[in-house]
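Enquirer: Have a look at this one.
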Amino acid sequence: MRQKQKSPKPPHPGEMLEEFYIKQLSLNLDELANNLGISRNTLYKIRKGRTQITPEIAVRLSQAFSTSIEFWLNLQQKYDLWIIFNNVALPKVPTIYSPQAHKSRLPHRTHI
């Protein structure tokens, strides 16, 4: 089982949106929500880290701010994984398959 990560908690992508886009560009929240095609309440929840950046929202943010879709999804994934490894009691799951353990069981290739 993986141990708690010793790295500091990464920012939620909503924090990045707030600090580096909304504040830096002095964006109007109603206009931003309308441009993104989401409700102001959804935008609020994203900004406050109360909801996730979905793939659909990542596409919209990437278009609005000329970033990659992966930028937003990677931020969300790093945040989610940190939360899981630091705040969730994960059960011990037995290994079902290991390439090293099954190497000797794989059929040998014959050369023609």
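The values are calculated or read from the model by the stated rules, or taken from the named source; none is laboratory data. The model shown is predicted, which means the values in this text are computed figures rather than measured ones. When we count neighbours, we look across all protein chains shown, and the Cβ atoms used for this are built from the backbone with ideal geometry, even at glycine.
Enquirer: Pick from region 43-57 the residues that are out of contact with any Gly (no Cβ under 7 Å at 6 or more places or on another chain) and under 14 Å from residue 15 (Cα atoms): which of them is surrounded by the fewest Cβ atoms within 10 Å (Cβ to Cβ)?
Expert: Here the answer is 50.
Enquirer: Taking the conditions exactly as written (farther than 25 Å from residue 87 by Cβ and out of contact with any Leu (no Cβ under 7 Å at 6 or more places or on another chain)), does residue 7 satisfy them or not? Let's see the steps before the verdict.
Expert: Values: farther than 25 Å from residue 87 by Cβ: no; out of contact with any Leu (no Cβ under 7 Å at 6 or more places or on another chain): yes.
So residue 7 does not fit the description; no.
Enquirer: Would you list the helices (runs of 4 or more DSSP H) that sit entirely within region 42-112 and hold 3 or more residues that are at pLDDT 95 or above?
Expert: Per the criteria, 55-65, 69-87.
Enquirer: Which one of these does residue 18 not meet: (1) free of Cβ contacts under 8 Å to residues at least 40 places away in the same chain; (2) out of contact with any Lys or Arg (no Cβ under 6 Å at 6 or more places or on another chain); (3) assigned to a helix (DSSP H, G or I)?
Expert: (2)
Enquirer: Something else: Determine if region 64-82 includes at least one residue that is within 30 Å of residue 95 (Cβ to Cβ), in contact (Cβ under 8 Å) with a residue 40 or more places away in the chain, of a type in the set (A, V, I, L, M, F, W, C) and crowded, with 16+ Cβ neighbours inside 10 Å.
Expert: For region 64-82, residues within 30 Å of residue 95 (Cβ to Cβ), in contact (Cβ under 8 Å) with a residue 40 or more places away in the chain, of a type in the set (A, V, I, L, M, F, W, C) and crowded, with 16+ Cβ neighbours inside 10 Å: present.
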